[in-house]
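One structure is given below, encoded as structure tokens.
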Amino acid sequence: MIDIEAYLARLGINNVPHADEDGLAQLIEAHILNVPFENFDIPLGLGIHLETDHLFEKIVTRRRGGYCFELNGLFGFLLDGLGFERHPVMARVWFRGPPATPPLTHTLNIVTIGHTKFMADVGFGGTTARLPVPLYDQAVVEDVDGTVSLRKNDEFGFMLIRETPDGPQNQFSTTGVPAYESDLALGNHYVSTHPGSHFTQMAVGGIFTKDGRVGVTDNMLTTRTGWDQKSSPVETAEDYQAVLTTHFGIDLGEDHRRIFEAFETVDVEK
């Protein structure tokens with residue numbers, strides 16, 4: 001059992017949300033605005049561990065972030081503690097335009113409220129929905145980034161689509177079938193160790209803001225307001241730590257130098 005009060009405080013929530021759609025929306029928004037998406041334990045060689053106590057200590061106590069298996073994993077336990085009915089699912093990530101069918105490398109929660117199931121995702125590195133998304137064909141949700149919709153796909157289940165200035169962009173697909181602990185362990189192992197996973201090739205961090213998102217990929221800092229985006233290189237290890245602290249609230253101590261030194265010679269125009 002996790003410390004619900006401490007977790008809610010980490011999210012900046014003073015009240016206990018009701019186990020309804022409004023409460024779920026409040027939790028999702030608070031989570032993505034306060035807990036960063038990041039993979040820094042991978043380049044540091046620490047690995048990604050999914051034990052509940054470890055996740056709570058990392059994300060709540062030490063105020064770190066994580067990626068989907070960590071963030072949506074711990075978020076699921078918070079939902080349990082608040083009385084929501086939910087189950088984890090696996091998903092295929094499409095937003096990078098994979099040349100072949102992508103593996104099941106994303107996880108999120110499906111929450112049942114009354115007679116409706118909702119996607120609840122606080123751990124996606126792309127332009128995820130900021131609100132619960134009803135799990136049915138042609139569902140549409142409007143948030144500050146625009147329109148998100150679901151389309152039923154005969155082969156891959158439900159496809160989450162984000163409307164962008166460049167047109168519709170597939171984000172991920174899921175069948176909605178409950179995932180087992182072994183499924184999550186296998187997906188996490190692939191994402192955190194396989195040479196084909198982009199999480200083993202780069203250091204990434206990101207967090208949503210009220211009107212956009214801030215992200216860092218290796219030594220490139222990107223700030224998005226609406227759909228206007230600006231990018232600039234991070235020149236020194238000291239500047240890199242300042243980025244982590246200022247935007248993500250993360251202090252890696254001297255470990256930030258180990259990460260920065262691994263990519264400081266990377267071409268910033270890549």
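The values are calculated or read from the model by the stated rules, or taken from the named source; none is laboratory data. Predicted model only: the values in this text are computed from it and were never measured. Cβ atoms come from the backbone with ideal geometry, glycine included; neighbour counts cover every protein chain shown. For accessibility, only protein heavy atoms count, side chains too; no ligands or nucleic acids. Shrake-Rupley method; radii C 1.70, N 1.55, O 1.52, S 1.80 Å.
Length available on full extension from residue 194 to residue 49: 0.36 nm per residue minus the Cα-Cα distance, which gives 50.7 nm.
A simple count of charges around residue 104, restricted to other residues whose Cβ falls under 9 Å of its Cβ and scoring Lys, Arg +1 and Asp, Glu -1, yields 0. The order of the peptides 161-169, 184-192 by mean Cβ neighbours within 10 Å, most packed first, is 184-192, 161-169.
Which residues does a label at residue 80 reach in segment 16-55, if reach means a backbone N under 19 Å from a point 7 Å past the Cα toward the Cβ? Of the residues in segment 16-55, 17, 19-20, 24, 28, 49-55 have backbone N under 19 Å from the label point off residue 80. With helices as the sole contributors, the chain gives -8000 deg cm²/dmol at 222 nm; each DSSP H run of n ≥ 4 counts as -39500 (n - 2.57), and the sum is divided by every residue. Taking 58, 117, 210, 230 and ordering them by how much accessible surface each has at a 1.4 Å probe, largest first, produces 230, 210, 117, 58.
Sequence-distant contacts, meaning Cα pairs under 8 Å at least 6 residues apart, place the relative contact order of the chain at 17 percent. Counting 0.36 nm for each residue step from residue 182 to residue 201 and taking away their Cα separation leaves a gain of 4.4 nm. Determine, from the Cβ-Cβ distance of residue 231 and residue 100 and an R0 of 51 Å, the FRET efficiency 1/(1 + (r/R0)^6), rounded to the nearest 0.05. The value I calculate is 0.95. In the chain, what percentage of the DSSP-assigned beta bridges are antiparallel, given to the nearest 5? Roughly 100 percent of the beta bridges in the chain run antiparallel, per DSSP.
Between residue 9 and residue 26, the simple spin-label model (points 7 angstrom out along Cα→Cβ) gives 1.8 nm. For segment 69-224, the relative contact order comes to 18 percent (Cα pairs under 8 Å, sequence separation of at least 6). Kindly state, to the nearest 0.05, the FRET efficiency for residue 242 paired with residue 115, given R0 = 45 Å and r defined as their beta-carbon distance. According to the calculation, E is roughly 0.40. For the pair residue 262 and residue 137, the difference between a 0.36 nm per residue extended length and the Cα-Cα distance amounts to 40.6 nm. When semi-axes √(5λ) of the Cα gyration tensor in Å is computed from the coordinates, the matching label among (1) 57, 23, 14; (2) 27, 22, 19; (3) 32, 20, 19 is (2). Provide the net charge surrounding residue 211, with neighbours chosen by a C-beta distance below 12 Å and charges set as Lys +1, Arg +1, Asp -1, Glu -1. Cβ neighbours under 12 Å give a net charge of +1.
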